[in-house]
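The structure appears below as structure tokens.
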Amino acid sequence: AQSVTQLDSHVSVSEGTPVLLRCNYSSSYSPSLFWYVQHPNKGLQLLLKYTSAATLVKGINGFEAEFKKSETSFHLTKPSAHMSDAAEYFCVIIQGAQKLVFGQGTRLTINP
Amino acid sequence: NAGVMQNPRHLVRRRGQEARLRCSPMKGHSHVYWYRQLPEEGLKFMVYLQKENIIDESGMPKERFSAEFPKEGPSILRIQQVVRGDSAAYFCASSPSWTATNEKLFFGSGTQLSVL
């Protein structure tokens with residue numbers, strides 16, 4: 001079965017510093033991977049997706065993620081954090097068609 | 001073009017009552033998915049429906065939970081005889097019917113169910 005593990009339940013960075021949210025995956029075949037963001041009291045928004053094209057994927061709001069097969073990782077990064085980035089982030093993998101499997105989530109806090 | 005609409009936004013029920021959660025997919029979408037998010041956890045798949053059909057309900061609890069997506073009207077997630085453990089955020093997502101292997105879902109803002 002497909003699965004993802006988010007290595008940090010909570011990450012705290014200062015505004016203007018880089019962001020790194022870590023995700024490892026387990027898959028018996030070439031996976032489709034996503035990052036979603038959930039702001040308080042709002043629905044989920046797709047940040048970016050990897051579907052076996054380029055290994056470096058650029059998303060919205062300056063986020064990007066790199067697919068590394070040798071490390072089974074799909075970490076999310078951003079060069080410079082903004083206060084509006086404070087939210088819950090989910091690494092997600094597709095299991096079969098139509099079914100998403102979510103990681104446990106990483107809560108990102110931005111300090112002024 | 002309205003997104004996926006869920007209502008109510010918040011629902012409070014006492015133990016033993018019934019909860020009905022509604023989801024109106026985006027215009028032109030005929031595939032609906034329900035996910036549940038327990039406190040401090042990620043979302044867990046519950047059920048996948050197309051118009052008038054349940055395609056995959058492997059994530060649904062065996063008892064008290066049911067879902068439907070009629071030909072007309074919203075999709076309904078129904079929880080009978082609610083217990084405190086049902087307290088969670090329930091998210092609905094929809095996708096367009098032409099997508100063969102869906103990689104992008106549009107999520108609603110969720111319904112927060114609180115069982116007293």
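The values are calculated or read from the model by the stated rules, or taken from the named source; none is laboratory data. The shown structure was predicted, so the numbers you read here are calculated from the model rather than taken from an experiment. Virtual Cβ from ideal backbone geometry, glycine too; neighbours counted across all protein chains shown. In case anyone asks, the SASA skips ligands and DNA or RNA and just uses the protein heavy atoms, side chains included. Shrake-Rupley method; radii C 1.70, N 1.55, O 1.52, S 1.80 Å.
How many residues does the stretch A:86-103 contain that are crowded, with 16+ Cβ neighbours inside 10 Å, over 11 Å from the mean Cα position of the chain (by Cα) and not in a strand (DSSP E or B)? Counting residues in the stretch A:86-103 that are crowded, with 16+ Cβ neighbours inside 10 Å, over 11 Å from the mean Cα position of the chain (by Cα) and not in a strand (DSSP E or B) gives 2. When the residues of the stretch B:97-116 are filtered to those that are at the interface with another protein chain (Cβ under 9 Å from one of its Cβ atoms) and surrounded by fewer than 14 Cβ atoms within 10 Å (Cβ to Cβ), the one that is modelled with the highest pLDDT is B:Lys104.
Exactly one residue among B:Ser66, B:Ser87, B:Ser75, B:Ser94 is crowded, with 19+ Cβ neighbours inside 10 Å, farther than 21 Å from A:Gln6 by Cβ and away from chain A (no Cβ under 14 Å), and that residue is B:Ser75. Remark: pairs (first residue in the stretch B:89-114, over 18 Å from A:Phe102 (Cβ atoms); second residue at pLDDT 65 or above and outside any strand (DSSP E or B); Cβ separation under 7 Å; 6+ apart in sequence or on different chains) = B:Pro96/B:Gly28; B:Leu113/B:Asp86; B:Leu113/B:Ser87; B:Ser114/B:Ser87.
Which ranges mark the strands (runs of 3 or more DSSP E) fully within the stretch A:1-85 that have 3 or more residues being surrounded by 17 or more Cβ atoms within 10 Å (Cβ to Cβ) and within 13 Å of chain B (Cβ to nearest Cβ)? Even if it seems obvious, please write down each step before you answer.
Details: elements: A:3-6, A:10-14, A:19-21, A:23-26, A:33-38, A:44-50, A:56-58, A:64-68, A:73-78.
It comes to A:33-38, A:44-50.
Scanning the stretch B:1-14 for residues that are of a type outside the set (Val, Ile, Thr), in contact with a strand residue (DSSP E or B) (Cβ under 6 Å, 6 or more places away or on another chain) and open to solvent by 50 Å² or more (accessible area, probe 1.4 Å) returns B:Met5, B:Asn7, B:His10, B:Arg13. If the condition is being under 13 Å from B:Thr111 (Cα atoms) and among the aromatic types (Phe, Trp, Tyr), then the stretch B:1-51 contributes B:Trp34, B:Tyr35. Within the option set B:Gly3, B:Gly16, being within 11 Å of another protein chain (Cβ to nearest Cβ), outside any strand (DSSP E or B) and not acidic (Asp, Glu) holds for one residue only, B:Gly3. Tell me yes or no: at least one residue of the stretch B:26-34 is surrounded by 15 or more Cβ atoms within 10 Å (Cβ to Cβ), at pLDDT below 95 and closer than 21 Å to A:Asn41 by Cβ. Looking through the stretch B:26-34, at least one residue is surrounded by 15 or more Cβ atoms within 10 Å (Cβ to Cβ), at pLDDT below 95 and closer than 21 Å to A:Asn41 by Cβ. In the stretch B:35-59, the qualifying residues are those that are part of a loop (DSSP other than H, G, I, E, B) and in contact with a Lys or Arg (Cβ under 7 Å, 6 or more places away or on another chain), and the one that is surrounded by the most Cβ atoms within 10 Å (Cβ to Cβ) is B:Gly59.
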